[in-house]
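Everything below concerns the one structure shown next.
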Amino acid sequence: MKLVVVSAGLSSPSSTRLLADRLTAATLAHVDAEPEVIELRELATEIAQHFVTGFPSARLAAALDAVAAADGLIAVTPVFAGSYSGLFKSFFDVIDKDALTGKPVLLGATGGTARHSLVTEHALRPLFTYLRALVLPTAVYAASEDWGEDGLARRITRAGSELARFMAPATADAPLNVDTAAAIAPRSLTGAITSVDPADGFEVVPFEQRLAALRAR
């Protein structure tokens, strides 16, 4: 299997690449895959030229082909003006419109403040949903103050486990690893993500019953 990692960090080293590497390690802890990292800053000029000429260079074509052929994708961007970077968006603008269809994608972003933590939901998730990717439930945002904190480590572990699960779905011959299953967000009886584990037992009260109780007061 192939795991492709797209990092849009502009410096070297960068916190964006660091988050990408940690997400990669968390994924590879649960699935046997060959990782390939694509540093977009090395392709910036070629991406811009592609917009003008309509033809990718050999290096850019190889990167686009790698993403299209991947069994799983990790995409990480720094935050610029409250959203993904222009370089990040430009790369996914030139990719084939069907390249990500049904592909499991783990989203990540880095920024200087926690105030941008919803960028993964209001910017990144809609973009990859439009591209018909299978966007994983857990996206990871890392602010400057998050590095070294247990909370970030837990989110990275959960996100990597989710990607590994969707890259290699459980079968009768290869059941889901117990450690992987424990790290994935529990689901309700209808399959929705929930903070309540059904194994703990809980009662689902129909809305009509709740409304009737309010009227009786």
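The values are calculated or read from the model by the stated rules, or taken from the named source; none is laboratory data. Bear in mind that the values here come from a model prediction, so they are computed numbers and not experimental data. For neighbour counting, all protein chains shown are included, and Cβ atoms are generated from backbone atoms with ideal geometry for every residue, glycine included. Keep in mind that these areas ignore ligands, DNA and RNA; they rest on the heavy atoms of the full protein, side chains included. Shrake-Rupley method; radii C 1.70, N 1.55, O 1.52, S 1.80 Å.
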Euclidean distance of C-alpha centroids, segment 109-124 and segment 1-45, integer Å: 18
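Using the C-alpha atoms of segment 1-147, what convex hull volume per residue, in cubic angstrom, is computed?
Numbers: hull volume 15.5 nm³, N = 147.
Measuring per residue, one finds 106 Å³ for the Cα hull of segment 1-147.
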Under Karplus coefficients 6.51, -1.76 and 1.60, residue-wise ³J(HN,Hα) of segment 162-167 in Hz, glycine/proline x: 4, 4, 4, 5, 7, 6
Cα centre as origin, Lys/Arg/Asp/Glu Cβ charges: segment 50-124 dipole, Debye: 220
Phe128 - accessible surface, heavy atoms, 1.4 Å probe, Å² rounded to 10: 0
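What does the C-alpha gyration tensor say about the overall shape of segment 99-147? Classify as rounded when a/c is under 1.5, otherwise prolate if a/b is larger than b/c, or oblate. Spell out each step's value before the answer.
Working: a/c = 3.39, a/b = 2.32, b/c = 1.46.
Verdict is prolate for segment 99-147.
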Two-decimal Rg/Rh across segment 78-159, once Rg and the Kirkwood Rh are taken from alpha-carbon atoms: 0.98
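Could you tell me which of rounded, prolate or oblate describes segment 1-86, using a ≥ b ≥ c as the square roots of the eigenvalues of the alpha-carbon gyration tensor, with rounded for a/c under 1.5 and, failing that, prolate when a/b is larger than b/c and oblate otherwise? Kindly include the intermediate steps, with their values, before the conclusion.
Working: a/c = 2.38, a/b = 1.27, b/c = 1.87.
Oblate, because a/c is 1.5 or more while a/b does not exceed b/c.
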Protein accessible area in segment 1-151, 1.4 Å probe - carbon and sulfur %: 54
Total formal charge among the other residues, if their Cβ is under 10 angstrom from that of Arg132, Lys/Arg +1 and Asp/Glu -1: +1
